[in-house]
1. Angle between the Cα long axis of helix 49-60 and the longest principal axis of the chain, 0 to 90 degrees, nearest 10?
2. Where nothing but the Cβ of Lys and Arg (+1) and of Asp and Glu (-1) is charged, how large is the charge dipole of the chain around its Cα centre, in debye to the nearest 20?
3. When only Cα pairs under 8 Å and 6 or more residues apart are kept, what is the percent relative contact order across the chain?
4. With everything on Cα atoms, drop me the angle between helix 3-23 and the longest principal axis of the chain, reported from 0 to 90° to the nearest 10.
5. Starting from 0.36 nm per residue, how many nanometres of slack lie between Ala19 and Leu105 once their C-alpha separation is accounted for?
6. What full-extension length gain, to one decimal in nm, is calculated for Phe75 and Arg31 as 0.36 nm per residue of separation minus the Cα-Cα distance?
7. Using the Cα centre as the reference, give the magnitude of the dipole from point charges on the C-beta atoms of segment 82-134 (Lys, Arg: +1; Asp, Glu: -1; all else neutral), rounded to the nearest 20 debye.
8. Which of the trypsin sites (Lys or Arg not before Pro) across segment 48-136 are loop residues per DSSP, with 10 or fewer other Cβ within 10 Å?
Amino acid sequence: MDQSSKKEEYAKQICLFLAELLRTRKISLKRAAEIAERVIQNINLIDSEAQFLGLIKELTSDFQELFNLNGRISFRIDVNKRLLMENQVREFVVSFLARDVKLALAVLEEAVKENAGVDNLYLKFPQFEEFIQTKP
């Protein structure tokens, strides 16, 4: 996904969130417009989900209505990190299964743990880190 598409996705998330607040009458149209305007002013400064979350957290000080959006974005970031890690582990296991079954299984077993993360896998399995870093 290119940067333009990502920015459109961030804007869409804000719009859907504000639409839900308007639908449930938790926010006025004027207030929703103020929030949308502030987000639009800053959307070009955002290049990642983490920066988007930072912007929303920053805007929450002025717009308390955005507080609930923080949790949604944090959850989405966590899910995306997990999916990326799972894809990397899958590629590693497929590549190493024929060469080193024990290593492939060990990486797989570590990755399925609840609090597993790429950084932990890198520390425990330097071969995994090397594989990911050298992958085109």
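No lab work stands behind these numbers, since they all come straight from the coordinates. Note that the structure is predicted; figures quoted are calculated from it, not measured. A quick note on method: Cβ atoms are made from the backbone with ideal geometry, for glycine too, and the neighbour counts reach across all protein chains shown.
1. Tilt relative to the chain: about 30 degrees.
2. Here the size comes out at about 480 debye.
3. Reported as a whole number, the value is 15 percent.
4. With rounding to tens, the tilt is 50 degrees.
5. Result: 26.3 nm gained on full extension.
6. 13.3 nm is the gain from fully extending Phe75 to Arg31.
7. Around 120 debye, computed over segment 82-134.
8. Those that pass, being in a loop and sparsely packed, are Arg99, Lys113.
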